[in-house]
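> There's a structure below that I have some questions on.
The values are calculated or read from the model by the stated rules, or taken from the named source; none is laboratory data. Keep in mind that what you see is a predicted model, and the values were worked out from it rather than measured. As a convention, Cβ positions derive from the backbone with ideal geometry for all residues, glycine included, and neighbour counts pool all protein chains shown.
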Amino acid sequence: MRSPYSLPALVLFLFAVGLLMALVQIGVLSIAFGKLGLSQGSAILLLFTSLFGSAVDLPLLSIKTEAPPEDAALPPPMRGLLRQILREYHGKTLITANVGGCLVPVGFSLYLLMHHPLPVWQVLLSITIVAAVSHMISRPIRGVGIGMPIFVAPACAALVALVVNPAEAAPLSYICGTLGVLIGADLLRLPEIRRMGTPVASIGGAGTFDGIFVTGIVAVLLA
């Protein structure tokens, strides 16, 4: 039986797991997520739930969409930490919510909001700025989904958090970084899905999961 995952994606995934374990061993992630009030065990659980959750998409709805022109030159398929091979397009796009790239960061952001004294206006302002930047640097790719550089959003989130609320920069950077990417690169581009000819559009998955996952780690480290 053919594996549902490509060999490059599997190799990249194993490398990411090894890198995370190395960072845990030298204490980098423990220090970073200690700023968020998490123990080492809780930090590992969060990271690996996000990583493995990227392979799970929960279907929301299916919409009719337009196929890209037959003569359109499509870029090479984007590969991420756990990216499934491309499915055939049959005139409809299934909208899904990715567990690792959508549900986990949203849930953890709500947890941080309940356990840290962050004024609402600071949170909304920070998310808005990162969402605007994410929207500008992301791009729809026909037949594939949304793509974006993965290191711009973390740096932006950390900088915004340090300026807006230095005392609570760590939780604010995670919240505005992950939610900013999710809103700016995914939700605000949903209307463009109808013209991309992609069989599946995953909120928090596809080309934006890596951005969300890396943003959550790097933004906290930088803050």
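> With respect to residue 109, determine if the residue is over 22 Å from residue 42 (Cβ atoms), at pLDDT 90 or above and out of contact with any strand residue (DSSP E or B) (no Cβ under 6 Å at 6 or more places or on another chain).
So residue 109 does not fit the description; no.
> A follow-up question, please. Residue 58 fails exactly one of the following numbered conditions: (1) assigned to a loop (DSSP other than H, G, I, E, B); (2) modelled with pLDDT of 80 or more; (3) more than 20 Å from residue 180 (Cα to Cα). What is the number of that condition?
Going through the list (1) assigned to a loop (DSSP other than H, G, I, E, B); (2) modelled with pLDDT of 80 or more; (3) more than 20 Å from residue 180 (Cα to Cα), residue 58 breaks only (1).
> Is there a residue being crowded, with 24+ Cβ neighbours inside 10 Å and either more than 18 Å from the chain's Cα centre (by Cα) or part of a strand (DSSP E or B) (or both) anywhere in segment 184-191?
No - not one qualifying residue is present in segment 184-191.
> Please go through segment 98-130 and pick out each residue that is free of Cβ contacts under 8 Å to residues at least 60 places away in the same chain and of a type in the set (Gly, Ala, Ser).
107, 126, listed by residue number.
Conditions tested, residue by residue: (1) in contact with a strand residue (DSSP E or B) (Cβ under 9 Å, 6 or more places away or on another chain); (2) surrounded by 15 or more Cβ atoms within 10 Å (Cβ to Cβ).
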| residue | (1), (2) |
| --- | --- |
| 119 | no, no |
| 126 | no, yes |
| 133 | no, yes |
| 136 | no, no |
| 147 | yes, yes |
| 151 | no, no |
| 160 | no, yes |
